[in-house]
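Asks: Below: one structure in structure tokens.
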Amino acid sequence: MRETIIRTVCLILVLVNQILCAKGIIEFQAEEDELYEIISGIATIVIAGWCWWKNNSFTKEARKADEYMKKLKAKRKK
């Protein structure tokens, strides 16, 4: 559950950052602005991909299903 919360918070932060940048609320000098937009875009893509790739179980039922899946996988390894 902790990893799900961390990924979700990271995604929210980079999305808010992108919105602020797009609206012009965060402003930099010309050269810094281009660099900031590139780094910000890359960070958004990486964190969004990370959040999408991982299994984010928010509900109680989903977390129980994850535990059940872990038990099944552990039995297969034995």
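Asks: Here's a check for you: in the range 23-78, which residue that is of a type in the set (Gly, Ala, Ser) and modelled with pLDDT under 80 is nearest to Cys10 (Cα to Cα)?
Replies: Our first condition is that a residue be of a type in the set (Gly, Ala, Ser); within the range 23-78, this holds for 24, 30, 40-41, 43, 48-49, 57, 62, 65, 74.
From what is left, the residues that are modelled with pLDDT under 80 are 24, 30.
Values: Gly24: 21, Ala30: 27 Å.
In this case the residue turns out to be Gly24.
Asks: Being surrounded by 13 or more Cβ atoms within 10 Å (Cβ to Cβ) and closer than 30 Å to Asp66 by Cα is the filter here; which residues of the range 7-49 pass it?
Replies: Initial filter on the range 7-49 (surrounded by 13 or more Cβ atoms within 10 Å (Cβ to Cβ)): 7-8, 10-11, 13-15, 17-18, 20-21, 26, 33, 36-37, 40-41, 43-44, 47-48.
Listed by number, the residues that qualify are Arg7, Thr8, Cys10, Leu11, Leu13, Val14, Leu15, Ala43, Thr44, Ile47, Ala48.
Asks: In the range 50-61, what residues are of a type in the set (S, T, N, Q) and exposed (fewer than 12 other Cβ atoms within 10 Å of the Cβ)?
Replies: Asn55, Thr59
Asks: Here's a check for you: in the range 19-74, which residue that is β-branched (Val, Ile, Thr) and within 18 Å of Glu3 (Cβ to Cβ) is nearest to the chain's Cα centre (by Cα)?
Replies: The extreme case among them is Ile47.
Asks: Only one of Arg76, Arg63 is touching a residue at least 60 places away in the same chain (Cβ under 8 Å) and out of contact with any helix residue (DSSP H, G or I) (no Cβ under 6 Å at 6 or more places or on another chain). Can you tell me which? Talk me through it step by step, then tell me what you get.
Replies: Values: Arg76 fails: touching a residue at least 60 places away in the same chain (Cβ under 8 Å).
Going through Arg76, Arg63 in turn, just one is touching a residue at least 60 places away in the same chain (Cβ under 8 Å) and out of contact with any helix residue (DSSP H, G or I) (no Cβ under 6 Å at 6 or more places or on another chain): Arg63.
The values are calculated or read from the model by the stated rules, or taken from the named source; none is laboratory data. Keep in mind that this is a model prediction, so the values were computed, not measured. A quick note on method: Cβ atoms are made from the backbone with ideal geometry, for glycine too, and the neighbour counts reach across all protein chains shown.
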